[in-house]
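The next block holds one structure in the form of structure tokens; read it before the comments.
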Amino acid sequence: MKQNNTYKTLKIKIKTTLILSLISHSVFSQIFNEEQNPLSVKWRQINASGFKVIYPTEFEKEAQRMANTLPHIYPYVGSGLGIKKTTIPLLLQNQGVIANGFVQLGPRKSEFYTTPPQQFDSQDWLNNLAVHELRHVAQFDKLTGGKTHPFPELVYFAWFGASLPIWFFEGDAVSTETALTNAGRGRQPSWIMPYRASLLEGKKISYSKANFGSEKDITPGYYQLGYLMSSNIRTSHGKNIFDEVLTDIRKRPLRLYPFSNTLKKLTGKGSYQWFRQTVDTLQKKWTAQANAEPGKNYSSLTKPASYATNYFLPVRLSNNSILTLKQSKAETSQLTLVDSNRKESHLLSIGYQEQPWYSYANGLVVWDEVRYDPRYRQRSYSVICSYNLKTKKVKKLSSKSRLFAPSLSADGKKIIAVRFDLSNQCNIVELDAQTGKMLRTYPNPENLILQTPSFDESGNAITYIGLSEKGKALYTTNGSGQTEQLIASSQQQISRPIFNNQQIAFNAHYSGVDNIYSIDIKSKKISALSDAKYGAFNPSFPKGASSVLFNNFKQTGYDIAETPINPEEPGKNNFVYFGAAAEKQEHTGNVFAKIPDSTYSSKPYRAFGNLINIHSITPVIEDEYQGGLQINSDNLLNTFNAFAGVEYYRDLNRFEYNAGFVLKSFYPIISTTYRNRPRRTFYNSNRGVVQGDWRENNIQVQALLPITLNALNDSYSFSVKTATSYTQRYMPENMPTGYITNLKFPMEYSFSFAHSVRQAERDSYPKWAQVFRLTYLHQPFDKVLEGHLFAAETSLYFPGLLRNHSFQASFNYQNASGVRRFDHEISTVYGYNNIMARNFLKNTLLFNYRFPFAFPDAELGPLAYIRNLRGGLFCHYENLGVDTNLGEPKTYGFELRSSMNLLRYQPIIDLGTRFVFVNKIYNQNPILELILNYSF
């Protein structure tokens, strides 16, 4: 067999990114967004004790609050790591509707995505972000020595990612947010609920599986695992243990598994041993909690699930079927009907949501989903859509809106929803359910963060959650505008209140486990309506029934259950609080209790005056013969990237010098690259084959216009590109007489279109997608080098025989002439580079069938964690009608692949092998190709 060692261009920027596997219990995560805001956004800045707060003009009030908050709390946040001061830019991003936050190096900055979600912690959203993200700043400061510009930042960032396991990075931040406030995710039973359910149900989850997730089971995730392990370690070894660990890592940076080895040196146990000890502790404490409050077993109204599946927000319809929002590892979000025999019927697949949400009344369903700006994807919207169960018609009721958690009146004629404007002013608004017309805005003078409103039966009163730094409170407002607070602000995770006659049912965790409660509107008495073992959520009351339908959490996810309405006294709070030791060690109380109220001077932030921000020098590896160093510059708004570098050609023993930039401020993305580089060729002469060398100046210019649209379960992308270049050759050595010294502006044009449906976690490829691309290259300004190339590519994806299987059919055509006749711009058959060509490439017809066949979640010690095993079959044709016909493929064969985490690091490696069999007319042995890809 022939070994194929084809090297693809790989530019290494040593940039380790830490990406959260988004699950419904996480409220914010680490993302590193390189998208842009529209030019219409006007920026200002405030300088406050080392923090440069950069924000849109309309966000002045909240920016002033953050300018007071950040310097005040940072000494407390960094205290356990021995850090008191910092210097860092902070961007407040208000154009989007997805709540998040992150800290990064390369360039050094933090970003807060300021629109609050509809379900998160019981404190102010920006405060929530501040205490968590500033702990990440302190972690960076500890390892970089507190440098304002720890040059080269990307190298530091890579070292940071390689030195610290992601469970510590996030778990330590959650531990800090919990210890320094009255809130924090460590106090939320629902946040830790999946892990508790798995352990108490006897599900064994390995260290790697808990860390990296699964395509089969619900796992705790590294936030939850990290919080529990960090809390356990601090309980045993005190507040300063992680200061000592990071200090040791900084002193001895170049080691494999430095965190685990240092932890073992200081505590006697490495990361894996601490995991095992933490699991033993959890098992004991959670078992004791379950014995004290065992909960009830509720019968399931759905079929048993073989992999993680959620049936959110169940509602019983008049025909006794149940409407639910279904999500699973194998399927994207979809409205589904479950009948009395547990048979499921798919109604409609919907788009991405901040949290699972819909409302039903009188044959109508409404929900909110995220829609992105076609070009500037820092800007997104939350729009309201409706679906009529009778007519099957979908309608978009709002455009470019920021509306959340829509809820219908009982007659299906009105919608109540939460709106945030660009200054973070929050109001409840009432809309017409048929037209989306705004009918009313409810005042919110204190600007509480409002959540999940709903109507009463008459449609004249509403109930909702109001959130402030004091906690969550339950309110009602009637048609006359009279507002009453039914439950005072507290750290209870109150959510999704709904009316039931003279009662309001809601979720809370009075017993230390999330359950369904109700409050009598007149007497204010609170009663328990459920007693679930792990968690009960999202109540609904079938019309005329004496029962409550709800989500009962099980090991496999959110199930559907029903129980008679039998109010009981709320049980004793038996919640196991693992952050108690860290809270006692910090001994600060709520760090937001006494924030200063100064007014800082602000000034415009000139986006075009701050384009250059040199932050790193990094290695670049083009292939096995070419590599070098590159200086990188990225501005804080992600609108301008520049670089300059030098690369060495090992085979030529010469250097290349290059520089370039990418400007992303405008609708087209404009990029320019200059190269001064050595070149070599071989040509025939009367002396035989001769080697010729020269140097050249090469300038390339490109304009790219990318457009992306999304609606429901579909996404559409268009791109138009034009590019040209100019090349001047000089310093010839052994070149033939009359060789061409100037290559004048060859032109390239391309257009592409793609449509695809959302992919489920188990999908390797789309179930349904269409991709088209047209390319044309010619040389209109250079008559000496005439030639052209036209290429058309198509790829169609179809569902396979089984779920998560995908079949791809791709037909590609090109026509080339002149100097372009040896080029190829279309997808080629597998093994193409190892097979002697019989003719110039004209067309290809490619059939690929790909499928997963196992999800082992296998941990091979510290070496690898194998997530899935996938197979593929292919049959590829080339030059149909010239070399072969449809009955004679050029190559065919199969491949085996696996996604895995190696050496307990976060990047996912796709490793595999492909066996390529070649048509006998080529007299070619089978080819073995090795596959290696990675993603962060």
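What follows is calculated from the coordinates using simple rules that are stated; it is not laboratory data. Predicted model only: the values in this text are computed from it and were never measured. For neighbour counting, all protein chains shown are included, and Cβ atoms are generated from backbone atoms with ideal geometry for every residue, glycine included.
Just name one of GLY912, SER236, ASN804: the one whose Cα is farthest towards the positive end of the charge dipole of the chain (beta-carbon charges, Lys/Arg +1, Asp/Glu -1).
GLY912
In the chain, with Lys and Arg counted as +1 and Asp and Glu as -1 at Cβ, which of these residues, LEU335, GLN779, ALA461, has the Cα nearest the positive end of the dipole, that is, farthest along it?
Result: GLN779, furthest along the dipole toward the positive end.
Fewest to most neighbouring Cβ within 10 Å: what's the order for LEU164, LEU932, LEU652, LEU246?
Going from least to most buried by this count: LEU932, LEU652, LEU164, LEU246.
Please report, in debye to the nearest 20, how large the charge dipole of segment 497-640 is about its Cα centre when each Lys and Arg carries +1 at its beta carbon and each Asp and Glu carries -1 there. Each step should come with its number before you reach the end.
Numbers: 11 positive and 14 negative charges, 166 e Å.
With only Lys, Arg, Asp and Glu charged at Cβ, the dipole is about 800 debye.
If each residue's Cβ is checked for other Cβ atoms within 10 Å, how do TYR716, TYR832 rank with the fewest at the top? Before the final figure, lay out each step's value.
Details: TYR716 15, TYR832 19.
In increasing order of surrounding Cβ atoms, one gets TYR716, TYR832.
Measure nothing but the geometry: give the 0 to 90° angle between the long axis through the Cα atoms of 166-179 and the longest principal axis through the Cα atoms of the chain, rounded to 10°.
Helix 166-179 and the main axis of the chain meet at about 30 degrees.
Around LEU785, under 10 Å between beta carbons, what's the net of Lys plus Arg minus Asp minus Glu among the other residues?
With Lys, Arg at +1 and Asp, Glu at -1, the net is +1.
Amide H to amide H, which residues 5 or more places from ARG654 or on other chains are under 5 Å from it, using H placed in the peptide plane?
Placed amide hydrogens put TYR649 under 5 Å from ARG654.
Each residue of segment 211-221 in turn: what ³J(HN,Hα) in whole Hz from Karplus with 6.51, -1.76, 1.60 and θ = phi - 60°, glycine and Pro shown as x?
7, 9, x, 8, 9, 10, 10, 7, 10, x, x
Compute the signed sum of charges (Lys and Arg +1, Asp and Glu -1) over the other residues within less than 12 Å, Cβ to Cβ, of ASN919.
Surrounding charge for ASN919 is 0.
Quick one: 3J(HN,Hα) in Hz for segment 847-853, Karplus 6.51/-1.76/1.60 with θ = phi - 60°, rounded, Gly and Pro as x.
Per-residue couplings from phi come out as 10, 10, 10, 10, 7, x, 10 Hz.
For log10 I(q)/I(0) by the Debye sum over Cα atoms at q = 0.04, 0.05, 0.08 Å⁻¹, several values are listed as (i) -0.21, -0.33, -0.86; (ii) -0.24, -0.37, -0.91; (iii) -0.45, -0.60, -0.78; flag the one computed from this structure.
The value computed from this structure is option (i).
Compute for segment 176-216: radius of gyration divided by Kirkwood radius, i.e. Rg/Rh, restricted to C-alpha atoms, rounded to two decimals.
So for segment 176-216, dividing Rg by the Kirkwood Rh gives 1.08.
Once you sort the root eigenvalues of the Cα gyration tensor of segment 218-261 as a ≥ b ≥ c, which label holds: rounded (a/c under 1.5), prolate (a/b larger than b/c) or oblate (the other case)?
It comes out oblate by the Cα gyration axes.
Under the 0.36 nm per residue contour assumption, what length would be gained going from the current alpha-carbon distance of HIS587 and LEU39 to full extension? Could you put the intermediate results ahead of the total?
Values: separation 548, 0.36 × 548 = 197.28 nm, distance 4.56 nm.
Extra length from HIS587 to LEU39 when fully extended: 192.7 nm.
So if R0 is 35 Å, what FRET efficiency would LYS594 and GLU569 give, r being the distance between their Cβ atoms, rounded to the nearest 0.05? Numbers along the way, then the final one.
Numbers: r = 38 Å, r/R0 = 1.07.
Given R0 = 35 Å and the Cβ-Cβ separation, E is 0.40.
Using the Kirkwood radius over Cα pairs, work out the Stokes-Einstein diffusion coefficient for segment 680-776 at 20 °C and 1.002 mPa s, in µm²/s as a whole number.
It diffuses with D of about 122 µm²/s by this estimate.
Using 1/(1 + (r/R0)^6) with R0 = 56 angstrom and r between the beta carbons of ILE612 and ARG440, what's the FRET efficiency to the nearest 0.05?
Taking R0 as 56 Å, the efficiency between ILE612 and ARG440 is 0.65.
In degrees, nearest 10, range 0 to 90: what is the angle between the Cα axis of helix 60-77 and the longest Cα principal axis of the chain?
So the helix axis and the longest Cα principal axis differ by about 90 degrees.
Could you work out the local net charge near ALA179, counting Lys and Arg as +1, Asp and Glu as -1, over the other residues with Cβ closer than 12 Å to its Cβ?
Net of charged neighbours comes to +2.
With an 8 Å cut-off on Cα pairs and a minimum separation of 6 or more residues, tell me the relative contact order of the chain in percent.
11 percent.
Sticking with the crude label model, points 7 Å out along Cα→Cβ, report the distance from PHE847 to PHE718 in nm, one decimal please.
Result for the modelled spin labels: 3.4 nm.
Looking at this model, which pairs from LYS413/LYS470; LYS296/LYS572; LYS209/LYS296; LYS303/LYS329 are more than 24 angstrom apart at the alpha-carbon?
LYS413/LYS470; LYS209/LYS296
Rounded, prolate or oblate, given the Cα gyration tensor of segment 727-831, with a/c below 1.5 counting as rounded?
prolate
Tell me the Kirkwood hydrodynamic radius of segment 366-412 in angstroms, computed as one over the mean inverse distance between distinct C-alpha pairs.
11.7
Using the Kirkwood formula on the Cα atoms of segment 40-111, what hydrodynamic radius do you get, in angstrom to one decimal?
Evaluated on segment 40-111, it is 13.0 Å.
Place +1 on the Cβ of every Lys and Arg and -1 on the Cβ of every Asp and Glu in the chain, take the dipole about the Cα centre, and give the residue among THR599, PRO889, VAL103 whose Cα lies farthest towards its positive end.
Final value for the positive-end residue is PRO889.
Could you please rank THR681, THR114, placing first whichever residue has the fewest other Cβ atoms within 10 Å of its Cβ?
Arranged by neighbour count, lowest to highest, THR681, THR114 become THR681, THR114.
Quick one: compute a quarter of the convex hull surface over the Cα atoms of segment 487-582 and quote it in nm².
7.1
So, in nm, how far is label TYR749 from label GLN482 when the simple model puts each one 7 Å beyond its Cα toward the Cβ?
So the label points at TYR749 and GLN482 sit 7.1 nm apart.
Only Lys, Arg, Asp and Glu count, each charged at its Cβ (+1, +1, -1, -1), so figure out the dipole size of segment 190-250 about its Cα centre, rounded to 20 debye. Can you show the working numbers first?
Details: 8 positive and 6 negative charges, 29 e Å.
Using only the charged Cβ atoms, the result is roughly 140 debye.
How many angstrom lie between the C-alpha centres of segment 464-501 and segment 237-292?
Taking the Cα centre of segment 237-292 as reference, the centre of segment 464-501 is 41 Å away.
Can you list residues whose amide H is under 5 Å from LYS329's amide H, if they're 5+ apart or on another chain and H is modeled 1.01 Å from N?
Sorted by chain and number, the residues that satisfy this are ALA308.
Write down the radius of gyration of segment 585-685 and its Dmax, each obtained from C-alpha positions, in Å.
That works out to 23.1, 85 Å for Rg and Dmax.
Collect residues whose amide H, placed 1.01 Å from N in the peptide plane, falls under 5 Å from the amide H of LEU486; neighbours closer than 5 in sequence don't count.
So LEU486 has HN proximity to LEU474, TYR475, THR476.
Given 5 Å bins starting at zero, what is the percent of C-alpha pairs of segment 596-639 in each, up to the one with the largest pair distance?
The distribution over segment 596-639 is 5, 16, 15, 12, 13, 12, 10, 6, 4, 3, 3, 1, given as percents.
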